[in-house]
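First up is the structure itself, then whatever we jot down about it.
The values are calculated or read from the model by the stated rules, or taken from the named source; none is laboratory data. Bear in mind the structure is a predicted one, so any value in this text is a computation, not a measurement. Backbone-built Cβ (ideal geometry, glycine too); neighbour counts: all protein chains shown. In case anyone asks, the SASA skips ligands and DNA or RNA and just uses the protein heavy atoms, side chains included. Shrake-Rupley method; radii C 1.70, N 1.55, O 1.52, S 1.80 Å.
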Amino acid sequence: MWKTLHPAIVHFPIAFLLLAGFFAFISLFVSREFWKDLAIKCLVIGLIFTPFAVLTGLIAEQNLKHNEAIHAILVKHKFNGFVILSVFSILTMWHWVRRNLMGNKEYITWVIILFLGSTLVFFQGHTGGKMVFEEGAG
């Protein structure tokens, strides 16, 4: 059962973390508080699902029959999963600790890092899809 949960769970952190970056970026230009609040909510929800995506991915890896091409992609995919978990955990803690003290420059820096983290999520979805749909993993 656990080995088949990864494909079902990964869509949640992908969607919510990408939306968090998108909404935070929008908050730089219009109605900051509304879009900022939406970005934070998406970030937290995405971060809740991320450890489950990583855990089910590690479990799925144990039973995955793969060749060298898949293995090369798998190594990047796994490493990137841990980076994503770390980056978004740090961003969430940063916001939680500094939420009432964050100045404009610091907020812009936070948004830029969040947006760059979203590109990691996009790359993660790409490598997962490449493993499955181009190389036939799983």
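Out of the total accessible area of region 55-105 (probe 1.4 Å, heavy atoms of protein only), what percent is carbon and sulfur?
On the way: 2270 of 3440 Å².
Reported share for carbon and sulfur atoms: 66 percent.
Report the FRET efficiency, 1/(1 + (r/R0)^6), for Asp37 and Thr119, where r is their Cβ-Cβ distance and R0 is 22 Å, rounded to 0.05. Show your work: numbers first, answer last.
Details: r = 23 Å, r/R0 = 1.03.
Taking R0 as 22 Å, the efficiency between Asp37 and Thr119 is 0.45.
For the chain, evaluate the Debye formula with one uniform point scatterer on each Cα (no solvent term) and list log10 I(q)/I(0) at q = 0.15, 0.20 Å⁻¹, rounded to two decimals.
After summing over all Cα pairs, the log10 values are -0.71, -1.07.
Run the numbers for Ala72 and Asn104: contour at 0.36 nm per residue of separation, minus the present Cα-Cα distance, in nm. Spell out each step's value before the answer.
On the way: separation 32, 0.36 × 32 = 11.52 nm, distance 4.13 nm.
Using 0.36 nm per residue and subtracting the Cα-Cα distance, I get 7.4 nm.
Between Thr109, Thr56, Thr127, where does the largest GNM mean-square fluctuation fall for the chain, given springs only between Cα atoms within less than 10 Å?
For the chain, modelled as a Gaussian network with Cα springs under 10 Å, the answer is Thr109.
Using alpha carbon centroids, what distance separates region 10-57 and region 66-109, in Å?
12 Å
For the chain, what is the accessible area per residue in Å² when the probe is 1.4 Å?
On the way: 8340 Å² over 138 residues.
Heavy-atom SASA per residue in the chain reads 60 Å².
Just give me a number: lysine pairs in the chain, eight or more positions apart or cross-chain, with C-alpha atoms less than 16 Å apart. Kindly include the intermediate steps, with their values, before the conclusion.
Working: Lys3/Lys65; Lys3/Lys78; Lys36/Lys105; Lys65/Lys78; Lys65/Lys130; Lys76/Lys130; Lys78/Lys130.
Qualifying lysine pairs in the chain: 7.
Would you calculate a helix-derived [θ] at 222 nm for the chain, using -39,500 (n - 2.57) for each DSSP H run of n ≥ 4 and dividing by the full residue count, to the nearest 500? Mind showing how you got there, number by number?
Details: 5 runs with 109 residues, N = 138.
When only DSSP H runs of four or more count, the value is -27500 deg cm²/dmol.
Compute the semi-axes of the equivalent ellipsoid of region 1-62, taking the square root of 5 times each eigenvalue of the Cα gyration tensor, and list them largest first in whole Å. Provide the component values of the computation, followed by the final result.
Numbers: eigenvalues 179, 13, 9 Å².
They are 30, 8, 7 Å, listed from largest to smallest.
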